[in-house]
1. Tally time: how many residues in the range 220-246 are within 16 Å of Pro207 (Cβ to Cβ) and touching a residue at least 60 places away in the same chain (Cβ under 8 Å)?
2. Among the residues of the range 250-268, is any under 29 Å from Glu183 (Cβ atoms) and either touching a residue at least 12 places away in the same chain (Cβ under 8 Å) or surrounded by fewer than 18 Cβ atoms within 10 Å (Cβ to Cβ) (or both)?
3. Say whether the condition of being out of contact with any Pro (no Cβ under 8 Å at 6 or more places or on another chain), polar (S, T, N, Q), farther than 13 Å from Leu16 by Cα and in a loop (DSSP other than H, G, I, E, B) is met by at least one residue in the range 107-122.
4. What number of residues within the range 45-103 satisfy the criterion of being under 18 Å from Pro26 (Cβ atoms), of a type in the set (Gly, Ala, Ser) and within 19 Å of the chain's Cα centre (by Cα)?
5. Sort through Gly66, Gly112, Gly91, Gly105 and tell me the only one that's surrounded by 23 or more Cβ atoms within 10 Å (Cβ to Cβ) and at positive phi.
6. Residues of the range 1-33 being part of a loop (DSSP other than H, G, I, E, B) and either surrounded by 17 or more Cβ atoms within 10 Å (Cβ to Cβ) or charged (D, E, K, R) (or both), which ones?
7. Among residues belonging to the range 8-44 that are closer than 27 Å to Glu229 by Cβ and of a type in the set (Ser, Thr, Tyr), point out the one that is farthest from the chain's Cα centre (by Cα).
8. Of the residues Asp246, Asp213, Asp223, Asp265, which is closer than 30 Å to Ala34 by Cα, more than 20 Å from the chain's Cα centre (by Cα) and of a type in the set (Asp, Glu)?
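The numbers here are math on the coordinates, done by the rules we state, and not lab data. Remember, predicted model here, so these are calculated numbers, not experimental data. Virtual Cβ from ideal backbone geometry, glycine too; neighbours counted across all protein chains shown.
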Amino acid sequence: MTGRPISAATRLFAVLGDPVAHSLSPALHGAALAARRLDAVYLALRCGDREAVGLVRGLALAGGGGNVTVPHKRRAAEAVDRRTGAVERTGACNTFWSDDGAVWGDNTDVAGFRGAVTALLPEGVAGARVLLLGAGGAARAALAGLLDDGVREVAILNRSVDRARELIRGMGAEGSATALDGEGALSGEDFDLVVQATSLGLHPSDPLPTSLDRCGGVGAALDLVYGREPTRWVRAARERGVPAADGREMLLLQAAAAFRRWFGDPVPMAEMRAALNERDG
């Protein structure tokens, strides 16, 4: 919240998803709005796939905007009028706003993912071999970021191998990525980084997407899911002695990029990070 009274001039921003109660985006953006003393509020709105399209367009055209999380990122890409290169490339949209009567969409997850990888692996992923779990919107952003940073090879493991192949073809990554046909293909394979890009972990009862014990050596593990506590995936990796991080750094960096789309510079990063750390405590 901004601390300002809400009026007819207050701009409404929201994160749309299902589930969305766990989202830390309202805390991050609330801190940023207060720091900039902007007349706007940011909420978390749970919605279905059909409602997401109307909310994207309605919020943007009313002078606000917002973010999109699972499972609506691909649907949001279809709902906007203008798409940045990141949306065109990934087919997923996580940030929306309006300009000159048109609804715009961006995918700031790509920049957020690249920053999160750098925080976990300061040496970067150039020349690295990466295992990517999932083939949805988050996986698309991850694959784009990995390709941008010069990864040597990406092996994609998804419940549907056909969807993994579709992702590779759709992003023109045939020369750098391969689809694994089942978990048996992991036996003894070494990876510099394993990225967990499925939605598993949003619910406490969710199973792990796979076990790192199926792999050989693993240099680091990154979970794009986050929660109030470290995710099961992060805990399992650390128990195996693998350096691991959840999706909070990616959340922070993509949020900063989204804030810049809506309000321009300066982006109050210190306040946003403090809000994130406060939730960690």
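1. Summing the residues that are within 16 Å of Pro207 (Cβ to Cβ) and touching a residue at least 60 places away in the same chain (Cβ under 8 Å) in the range 220-246 gives 1.
2. Looking only at the range 250-268, we keep the residues that are under 29 Å from Glu183 (Cβ atoms), and these are 250-251.
Restricting the remaining residues to those that are either touching a residue at least 12 places away in the same chain (Cβ under 8 Å) or surrounded by fewer than 18 Cβ atoms within 10 Å (Cβ to Cβ) (or both) gives 250-251.
Taking every residue of the range 250-268 in turn, at least one turns out to be under 29 Å from Glu183 (Cβ atoms) and either touching a residue at least 12 places away in the same chain (Cβ under 8 Å) or surrounded by fewer than 18 Cβ atoms within 10 Å (Cβ to Cβ) (or both).
3. yes
4. Counting residues in the range 45-103 that are under 18 Å from Pro26 (Cβ atoms), of a type in the set (Gly, Ala, Ser) and within 19 Å of the chain's Cα centre (by Cα) gives 3.
5. Values: Gly112 fails: at positive phi; Gly91 fails: surrounded by 23 or more Cβ atoms within 10 Å (Cβ to Cβ); Gly105 fails: at positive phi.
Matching residue, one of Gly66, Gly112, Gly91, Gly105: Gly66.
6. Of the range 1-33, the ones part of a loop (DSSP other than H, G, I, E, B) are 1-10, 18-24.
Result: Thr2, Arg4, Asp18, Val20, Ser23, Leu24.
7. Ranking the candidates gives Tyr42 first.
8. Being closer than 30 Å to Ala34 by Cα, more than 20 Å from the chain's Cα centre (by Cα) and of a type in the set (Asp, Glu) holds for just one of Asp246, Asp213, Asp223, Asp265, which is Asp265.
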